[in-house]
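Structure first, commentary second.
Every number in this text was worked out from the coordinates using simple rules, so none of it is lab data. Small disclaimer: the values here were computed from a predicted structure and weren't measured. Cβ coordinates were reconstructed from backbone atoms using ideal geometry, including for glycine residues, and neighbour counts include every protein chain displayed.
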Amino acid sequence: MKNLLIAIILATFLVSCTKIPEIPVSDVTIGGGLFVLNEGNFRSGNGSLSFFSYDSLKIYNDLFASINGRPLGDVPNFMIINEDKIYIVVNNSGKIEVVDRSTLKSKTTITGLISPRYMAIVNSNKAYVSSLYSDSVAIINLSSNTIAGYINIRRSSESMVVSGTKAFVANWSGGNEIMVINDLVDKVADSIKVGMEPESMVLDRYQKLWVLCNGGWDRQNFAELDRINTQTNQVEQSYIFLKKEEYPSCLQIDGFGQTLFYLENGVRQMDISASSLPNSILISESGASFYKLAINPVNSDIFVTDAVDFIQNGALLYYKNDGSFVSRNTAGIIPGSMCFRLQFNN
């Protein structure tokens, strides 16, 4: 009895001394800035959400857990803002957390997904979700936030881009195709052969689709950057990397749709009219482990995550569009996918 009483007193003391992180409303809930998804350690369930504020130039960590009183989940991989909601795809937990854009409070959780990876908004009522281990793309009803059906593409899927009435879906893991879905009828309409393992895609100002293919983890193929005509579904041009050891990733584009960026021994940039791949590096890694990349669509500021050793907390690195360093802030474990929130209107 005495030991039980001591335990209760000690627990009460610890709870009373635990400081709940203060979250500034102006910085986090309505200010402009950048969300960062920290993947956490695989199967540890310690993924988290951070926010870098443009107003204070500070980063605020563990936001989802602090606001909602529970962990975000196991390997949050992607997030997208759609109207007044934020959708956070949590890969190994097989779910999508739907949170309020203003308060960051949970509205609902979409469950029952198989290894979800990316989410693409098709229209105001519908979205697609890719999957690493399923042969189907899930259809999400955005009005009810439920799974409305599936599109069998007979292969795994990764990044997705929507252009007009077409959704382009990359077959990344061991694949070399872009599947074309007619989003009016939710059926596969075509497929496009590209380089090995297409892992990221962007649309340029002319609605041309750029696909970065990393060549595969075993380095048996050269990486390549392919440009696709979204009207004809044909590859117009391929830029082949010179060495099999080159392993580019995380293709991004500026807000004008004119300049491409990707990671390969640092940050590289390339104009969409260039005749060859860039030889120079815009931003050197300098001992860091660059993991993910994001480009501000308004001013082309550059943000890179540093995963450090993929065990301890990583960092968010901020650079101006000319590559000049601005700041480094400690994020969560394995900071990965990023999403800009440039402004908020009530």
Please compute the net charge surrounding ASN38, taking Lys and Arg as +1 and Asp and Glu as -1 over other residues with Cβ under 11 Å from its Cβ.
-1
Stick to the Cα atoms of the chain, pair each with every other, and give me the Kirkwood hydrodynamic radius in Å at one decimal.
21.0
Would you mind pulling out the separation of the Cα centroids of the stretch 177-192 and the stretch 140-175, in Å?
9
What are the principal axis extents of the Cα atoms in the stretch 132-182, in Å, biggest first?
34, 26, 14
How many Å³ per residue does the convex hull of the Cα positions in the stretch 140-255 occupy?
118
What's the Cα-based Rg to Rh of the stretch 44-105, Rh via Kirkwood?
0.96
Total charge of the residues flanking PHE303 in space, meaning their Cβ is under 14 Å from its Cβ, with Lys and Arg +1 and Asp and Glu -1, is +1
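Test of understanding: what is the full-extension gain from ARG328 to GLN234, defined as 0.36 nm times their sequence separation minus their Cα-Cα distance?
Working it through step by step, the gained length comes to 29.7 nm.
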Given chymotrypsin sites (Phe, Trp or Tyr not before Pro), DSSP loops and at most 15 other Cβ atoms within 10 Å, the longest exposed-site-free stretch of the chain is 43-132
Pop out the ³J(HN,Hα) list for the stretch 199-205 in order, Karplus 6.51 cos²θ - 1.76 cosθ + 1.60 with θ = phi - 60°, rounded to Hz; leave Gly and Pro as x.
10, 8, 9, 9, 9, 9, 5
Using only the Cα atoms of the stretch 117-206, what are the Rg and Dmax in Å?
12.2, 38
Starting from the Cα of LYS107, draw a straight line to each of the lysines and keep only those under 25 Å, dropping any in the same chain fewer than 8 residues away.
LYS85, LYS95, LYS126
Percent of Cα-Cα pairs more than 17 Å apart in the stretch 253-303, please.
35
Just the Cα atoms of the stretch 65-147: what Rg and Dmax do they give in Å?
11.9, 36
Let me know the longest stretch in the chain that avoids all trypsin sites (Lys or Arg not before Pro) found in a DSSP loop with at most 10 other C-beta atoms within 10 Å.
44-153
Reachable lysines from LYS320, criterion Cα separation under 27 angstrom, eight or more residues apart if same chain:
LYS58, LYS208, LYS292
By the C-alpha gyration tensor axes a ≥ b ≥ c (rounded if a/c is under 1.5, else prolate when a/b exceeds b/c, else oblate), the shape of the stretch 210-346 is oblate
Roughly how many whole Å is it from the C-alpha centroid of the stretch 83-116 to that of the stretch 283-346?
22
If you add up the charges near SER327, with Lys and Arg at +1 and Asp and Glu at -1, over every other residue whose beta carbon is less than 13 angstrom from its beta carbon, what do you get?
+1
